[in-house]
Amino acid sequence: MAVFPFPLSLRMVEEMLAARGIIVSHETVRQWSLKFGQAFANRIRRRLPAPGDKWHLDEVVISIAGRKHWLWRAVDQHGVVLDIWSRAAGTRRRPKAAPQAPAKHGRAPRVMITDKLASYGAAKRTIMPGSNIGSTRA
């Protein structure tokens, strides 16, 4: 099943088309999304601006199914979310759990802004290997 980050349900799309005189079932809309959805998403993604070279890295504690997790987020200076990942609190930090933003976007940031917590060290080493640029407060 294809999942797209749009806030419309299949039935809502069915109703919007019906209001315009196009009568289709929600199952037809689902079949269209399976057939054409990924191509549309790829086309939209290609038109997005390139990520900026100043990244903000932040973490927050959230509760998932009653257990604490760390939610990390990398955002560029334009507010575009570059990567989101989470890890259960109390587990060891693993390199595989580090952010994948540089691999997804093809380059590392010029500047990374954090709130100087020691826990950002592993993520910083992954995102900006070999860099001795200090973190700065936002």
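Give the aspartates and glutamates reachable from Lys35 as a straight Cα distance under 18 Å; neighbours fewer than 8 places away on the same chain don't count.
Filter leaves Glu14, Glu27.
Can you tell me how much longer the chain between Lys35 and Ala89 gets when fully stretched, taken as 0.36 nm per residue apart minus their C-alpha distance, in nm with one decimal?
That works out to 15.5 nm of additional length.
Which of the trypsin sites (Lys or Arg not before Pro) found in region 11-73 are loop residues per DSSP with 11 or fewer other Cβ atoms within 10 Å of their Cβ? All intermediate terms of the calculation are to be shown ahead of the outcome.
Working: sites: Arg11, Arg20, Arg30, Lys35, Arg43, Arg45, Arg46, Arg47, Lys54, Arg67, Lys68, Arg73; in loops: Arg20.
Here the sparse-neighbourhood loop sites are Arg20.
Roughly speaking, what is the stretch gain from Asp115 to Ser63, that is 0.36 nm per residue apart minus the C-alpha to C-alpha distance, in nm to one decimal?
16.6 nm
Tell me which of Gln77, Val60, Ala39 sits at the most positive position along the dipole axis of region 39-85, charges placed on C-beta atoms (Lys, Arg +1; Asp, Glu -1).
The one lying farthest along the dipole's positive direction is Ala39.
How far apart, in nm, are the 7 Å Cα→Cβ label points at Val80 and Ala19?
3.1
When we measure straight from the Cα of Lys116, which aspartates and glutamates land under 17 angstrom away, once same-chain ones fewer than 8 places off are left out?
Asp58, Glu59
Say R0 is 30 Å: what FRET efficiency, to the nearest 0.05, do Leu71 and Arg47 get from their beta-carbon distance?
Once rounded, the FRET efficiency stands at 0.60.
Are there chymotrypsin sites (Phe, Trp or Tyr not before Pro) in region 38-73 that DSSP puts in a loop and that have at most 12 other Cβ atoms within 10 Å, and which ones?
Within region 38-73, no chymotrypsin sites (Phe, Trp or Tyr not before Pro) qualify (loop, at most 12 other Cβ atoms within 10 Å).
None of the figures in this text is laboratory data; all of them are computed from the coordinates on show. Please read all numbers here as calculations on a predicted model, not as lab measurements. Counting neighbours? That spans all protein chains shown, and the Cβs are built from the backbone with ideal geometry, glycine included.
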